[in-house]
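The values are calculated or read from the model by the stated rules, or taken from the named source; none is laboratory data. Remember, it's a predicted structure, so these values are computed and weren't measured experimentally. Reconstructed Cβ throughout: ideal geometry from the backbone, glycine too, with neighbour counts over all protein chains shown.
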Amino acid sequence: MINISGKIPKEAYLAVSGGLDSMVGLDFLRRSKKRNLEILHFNHGTTHSDEAEAFVRSKCESLGLRLFVGKIKTKKDRRESQEEYWRRERYSFFENFNDKKIITFHHLSDQVETYIFTMLNGREMLIPYHRDNYIRPFLLTSRLQLEEWAESKGVEHIDDPSNFDTKYSRNLIRHELIPLVKRINPGIEKVVKKKVLSNIV
């Protein structure tokens with residue numbers, strides 16, 4: 001079951017990577033109500049990124065959706081992590097589209113990762129539901145719920161191999177730390193969900 005927070009506009013851009021989260025979100029929004037949706041996709045300049053772009057292009061063509069594709073434009077600053085660099089470039093591309101809200105598909109499991117990561121760095125934070133021109137209506141839906149939707153609806157997606165590389169902090173938290181946290185507190189998602197609800201306005 002998909003849990004949505006906030007009001008989803010009838011016209012919006014969707015930030016679609018081709019991964020499970022965004023492909024399920026796209027499928028859900030297309031099924032729920034008739035909306036004018038346009039797709040934003042960012043190519044991060046890797047081999048997988050080219051495959052993901054081809055996948056998203058194919059899906060948009062088959063669904064009759066307008067697609068805008070961005071690519072890396074600047075060099076990485078040596079002080080930036082690879083994650084920071086990709087994020088900066090991606091959001092720089094998104095900033096060209098400010099005439100409508102941009103929906104990203106961050107979910108509850110992302111929130112748990114963010115909560116743990118920021119606590120470990122001494123500044124407890126959550127991903128906001130609304131920031132500038134961005135809205136994140138799937139923050140109350142877990143990764144497991146997205147997987148169940150994909151299986152039941154036959155939603156195709158493409159997996160990014162870098163998501164399993166634990167040299168990136170996010171992946172280390174996701175694949176190694178969170179399983180340990182859940183052994184100590186199996187209800188960690190409920191704890192974070194309460195915090196998410198209190199921050200949604």
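A few comments on the model shown:
- Evaluating Leu180 against the criteria (1) surrounded by 12 or more Cβ atoms within 10 Å (Cβ to Cβ); (2) over 16 Å from the mean Cα position of the chain (by Cα) leaves one unmet condition, (1).
- Meets criteria (among the hydroxyl-bearing types (Ser, Thr, Tyr), within 19 Å of Glu11 (Cβ to Cβ), surrounded by 18 or more Cβ atoms within 10 Å (Cβ to Cβ) and in contact with a helix residue (DSSP H, G or I) (Cβ under 9 Å, 6 or more places away or on another chain)) for Thr141: no
- When Phe55 is tested against (1) touching a Gly at 6+ places or on another chain (Cβ under 8 Å); (2) among the aromatic types (Phe, Trp, Tyr); (3) under 21 Å from Asn133 (Cα atoms), exactly one condition is not met: (3).
- Of the residues examined, Ile158 is not one that is out of contact with any Cys (no Cβ under 9 Å at 6 or more places or on another chain) and buried (at least 18 other Cβ atoms within 10 Å of the Cβ).
- Complete set of residues in the range 57-115 that are surrounded by 18 or more Cβ atoms within 10 Å (Cβ to Cβ), in contact with a helix residue (DSSP H, G or I) (Cβ under 7 Å, 6 or more places away or on another chain) and either among the basic types (Lys, Arg) or in a loop (DSSP other than H, G, I, E, B) (or both): Ile72, Phe105, His107
- Flag for Glu83 being modelled with pLDDT of 95 or more and not basic (Lys, Arg): no
- Residues in the range 1-15 that are in contact with a Lys or Arg (Cβ under 9 Å, 6 or more places away or on another chain) and more than 14 Å from His107 (Cα to Cα): 6 in all.
- Number of residues in the range 1-52 that are part of a helix (DSSP H, G or I), modelled with pLDDT under 90 and farther than 23 Å from Thr74 by Cβ equals 2.
- Residue in the range 166-173 that is polar (S, T, N, Q), under 30 Å from Thr47 (Cβ atoms), surrounded by 10 or more Cβ atoms within 10 Å (Cβ to Cβ) and touching a residue at least 40 places away in the same chain (Cβ under 8 Å) present: yes
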